[in-house]
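J.: This is the structure I have questions about; it appears just below.
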Amino acid sequence: MSFTTKLRPLLFPRFMTTSTTRLMSDTTAYNCKALNVTQAAPFVFNVELNRPNKMNALNKAMWEEVGEVFTKLDRDQECRVVVLSAAGKMFSSGIDLSDLSQLASVVYSEDDIARKSMFMYQNIRHLQDLFTTIEKCKKPVIGCVHNACVGAGVDLITTTDIRLCTTDAWFCVKEVDMGLAADVGTLQRLPKVIGSQSVVSDLCLTARRMGSEEAERCGLVSSVFQTKEEMMSAAMDMATMIAAKSPVAVQGTKMNLVYSREHSVEEGLDQVAKWNMTMLQSEDLMKSAMAAMDKSNTEPPEFANL
């Protein structure tokens, strides 16, 4: 018996008798109309845009469900990683034009301009907040894009942590052709995702299409796959790998990455020091160290839910 095998019961007596059986999360809590939410693997959820007959156009119902679902996933202890994908022939054609026409009816009404403006402001901020729930979700989100990703679809995927796409994928910041500035996150997040203000301005001012090869080259996506099936398989493999790691480490890493993107290096260093002054005392650190030292055991350690 190795030294680490002898030591493990002394360090983790309560874990030696814990059952390894995991209860699958009750996905009925995610009963949606515009989204399809499934638990694809232990601790891995797939959130699928599910309006294929409408080219996954983002209507009010889908927008609201995105906010509701990712708020729940953030609190769901059985969820550690989320894969965001879409049903049908494309990822998303952008905002549902019928919803846009409803806003136009407000603009051209005879109501007082102050009241119309306040309504528009509150509506835009609400839509922004619904997408921001993806960014605020402590669980890493892997975005999977196939075929078209237009307008609000780009707003959506820029909130994800990792992005994959198929060779036939293309991206278009379409708003300028619709007579407005993109207002749900693209203009704020895309420069930080890509890192080139010139490329971002090019895309946003011309509304041209960016193909998958350019998207990978500029860093919008990490990898490109020949088919949607290959992409989803790779995304699930990645999600399963991440889900097997300490949720304390994974969630802490995401939260500090998001924080540091919006703050100075010094502020980011201080934030992670404050995080780790507590989290370094977690049992997950010792369990991971013990597993790394035990060369005879190829199975990853089992971590409690967070």
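The values are calculated or read from the model by the stated rules, or taken from the named source; none is laboratory data. Since the structure is predicted, the reported quantities are computational estimates derived from the model, not experimental observations. Every residue, glycine among them, receives a Cβ derived from its backbone with ideal geometry; neighbour counts consider all protein chains shown. Heavy atoms of the whole protein, side chains included, go into the accessibility calculation; ligands, DNA and RNA do not. Shrake-Rupley method; radii C 1.70, N 1.55, O 1.52, S 1.80 Å.
J.: Suppose each label sits 7 Å from its Cα in the direction of the beta carbon; what would the residue 207-residue 306 distance come out to in nanometres?
T.: 4.3
J.: Between (i) 79, 41, 41; (ii) 88, 46, 33; (iii) 182, 29, 22, which matches Cα extents along the principal axes in Å calculated for the structure shown?
T.: For Cα extents along the principal axes in Å, the calculated option is (i).
J.: Calculate the FRET efficiency for residue 297 and residue 229 from the Cβ-Cβ distance with a Förster distance of 30 Å, rounded to the nearest 0.05. List each step's numbers first, then the result.
T.: Details: r = 33 Å, r/R0 = 1.12.
That gives a FRET efficiency of 0.35.
J.: Answer rounded, prolate or oblate for segment 200-306, using the Cα gyration tensor with square roots of eigenvalues a ≥ b ≥ c: rounded when a/c is under 1.5, else prolate when a/b is larger than b/c, else oblate.
T.: oblate
J.: Looking at the chain, send over the antiparallel percent of its DSSP beta bridges, to the nearest 5.
T.: Details: 8 of 29 bridges.
Around 30 percent antiparallel, to the nearest 5.
J.: Another question, then. Per 0.36 nm of contour for each residue apart, how much would the distance between residue 100 and residue 126 grow if the chain were fully extended, relative to their Cα-Cα spacing?
T.: 7.9 nm
J.: Return the lysines within reach of residue 287: Cα separation strictly under 29 angstrom, same-chain partners fewer than 8 residues apart disregarded; answer none if there are no such residues.
T.: By straight Cα distance, residue 287 reaches 6, 72, 136, 138, 139, 245, 254, 274, 295.
J.: What whole number of Å gives the distance from the Cα centroid of segment 31-73 to the Cα centroid of segment 230-306?
T.: The two parts, judged by their Cα centres, are 26 Å apart.
J.: Go through 103, 149, 260 and say which Cα lies farthest out towards the positive end of the charge dipole of the chain; charges sit on Cβ, +1 for Lys and Arg, -1 for Asp and Glu.
T.: The listed residue farthest towards the positive side: 260.
J.: Using a Förster distance of 30 angstrom, determine the FRET efficiency expected from the C-beta separation of residue 269 and residue 41, and round it to 0.05.
T.: So the FRET efficiency works out to roughly 0.30.
J.: Loop by DSSP (not H, G, I, E, B), at most 14 other beta-carbon atoms within 10 Å: where is the longest site-free stretch of the chain for GluC sites (Glu not before Pro)?
T.: Segment 111-261 is the longest.
J.: Within segment 138-153, which residues have the backbone N less than 17 Å from the label spot 7 Å out from residue 214 along Cα→beta-carbon, could you tell me?
T.: Only 147-151 fall inside the zone, counting backbone N under 17 Å.
J.: While we're looking at this one, here's another question. At a 1.4 Å probe radius, carbon and sulfur cover how many percent of the accessible area of the chain?
T.: Heavy-atom surface of the chain belonging to carbon and sulfur, 1.4 Å probe: 58 percent.
J.: R0 = 22 Å: FRET efficiency of residue 177 with residue 89, Cβ-based, nearest 0.05?
T.: For residue 177 and residue 89, the calculated efficiency is 0.50.
J.: Next question. Once the piece of chain linking residue 116 and residue 249 is laid out straight, how much longer is it, given 0.36 nm per residue of separation minus the C-alpha distance between them? Please list the in-between numbers first.
T.: Working: separation 133, 0.36 × 133 = 47.88 nm, distance 4.60 nm.
Gain in length upon complete extension: 43.3 nm.
J.: Separate question: Hey, got a sec? Which trypsin sites (Lys or Arg not before Pro) in segment 198-306 land in a DSSP loop and have at most 10 other Cβ atoms within 10 Å?
T.: Of the trypsin sites (Lys or Arg not before Pro), the ones in loops of segment 198-306 whose Cβ has at most 10 other Cβ atoms within 10 Å are 295.
J.: Counting only heavy atoms of protein chains, what accessible area per residue, in Å², does segment 190-306 have with a probe of 1.4 Å?
T.: Value for segment 190-306: 59 Å² per residue.
J.: Now for a separate question. Any idea how far apart residue 261 and residue 289 come out in nm if each label point goes 7 Å out from Cα toward Cβ?
T.: Result for the modelled spin labels: 3.2 nm.
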